[in-house]
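The values are calculated or read from the model by the stated rules, or taken from the named source; none is laboratory data. The structure presented is a predicted model; accordingly, all values stated were derived computationally and were not measured. Neighbour counts run over all protein chains shown; Cβ positions are idealised from the backbone, glycine included. Quick note on the areas: whole protein, heavy atoms, side chains included, nothing else; ligands and nucleic acids left out. Shrake-Rupley method; radii C 1.70, N 1.55, O 1.52, S 1.80 Å.
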Amino acid sequence: SVMNRLIKTFLFSSFIFSQYPADSLLSLPNNSIAQKIFLYPIAKWQGISYSNSSMNCQFYPSCSNYGAQAIHKKGVISGLAIASDRIIRCNHTAYNVHNKMGGEFYKDGRLLDQVNYSVLNKSKKSPLFAAGLSMAVPGLGRAYAGRPKDAAFGFLMSALAINAGVKSIRKESFLSPLYIGIALTFYSGEVYGAYRTAKYYQPKIKE
């Protein structure tokens, strides 16, 4: 019917033109073309995830907003590594780990975790040593820093990405640059994540 067509047209146009948090970052004039290229798919992803309550993120800001902010504030290379670290940490153990380290919560109950993290717990773990371990074997630095489940997930994601990159090179695929870029992103995210885990995400010591 005409009414159904109007409703469908409205919903479609709402999806295309509605504004989400990453859209505001995308529209800022001080972003480079490279930053906008990577911010654009995040903005479009939010059009899907924000309309489905089952896809709500346990963190604040959400992983998509966190990634968008990281790319905007730190640039493409560092921002992608920071975003991949958050994706690794956004698993079923995040809540318990957040509690153990005395992490703060947003007003709606989500785990508060900003790009520029400020909570620093005393720890005997060396951030540089943790980063070095993950340079040798992705995930090993997180395990050393006390987050073995994050380490396992990070190792798996890195291994899959690196394997896909190697296969694309052997097959001389035109998508090789994409696969190599994904592999480097997860690898660098593991190194960064190990450093950050050892420095910041440590159990709070009771005085």
The stretch 131-199-the stretch 23-42 distance, computed between alpha-carbon centres (Å): 25
Built amide H within the under 5 Å cut-off of Leu112, gap 5+: Tyr60, Glu104, Phe105, Tyr106
Distribution of pairwise C-alpha distances over the stretch 67-171, 10 Å bins, in %: 13, 38, 38, 9, 2, 0
What net charge do the residues around Ile88 carry, taking every other residue with its C-beta under 9 Å from that of Ile88, with Lys and Arg at +1 and Asp and Glu at -1? 0
Work out Dmax and Rg for the stretch 91-135 from the C-alpha atoms and quote the Rg first, both in angstrom. 12.8, 37
Taking one equal scatterer on every alpha-carbon of the stretch 65-127, how large is log10 of I(q)/I(0) by Debye at q = 0.18, 0.24 1/Å? -0.77, -1.17
Those chymotrypsin sites (Phe, Trp or Tyr not before Pro) in the stretch 133-207 that DSSP places in a loop and that have at most 15 other beta carbons within 10 Å: Phe174
Rounded to the nearest 10 Å², the accessible area of Ser134 at probe 1.4 Å: 0
Pairwise FRET efficiency - Glu172 versus Asp108, Cβ, R0 = 45 Å, nearest 0.05: 0.35
In the stretch 87-118, which chymotrypsin sites (Phe, Trp or Tyr not before Pro) fall in coil by DSSP and have 16 or fewer other Cβ atoms within 10 Å? Tyr106, Tyr117
Restricting attention to the stretch 50-110, which trypsin sites (Lys or Arg not before Pro) occupy a DSSP loop and are surrounded by at most 10 other Cβ atoms within 10 Å? Lys107
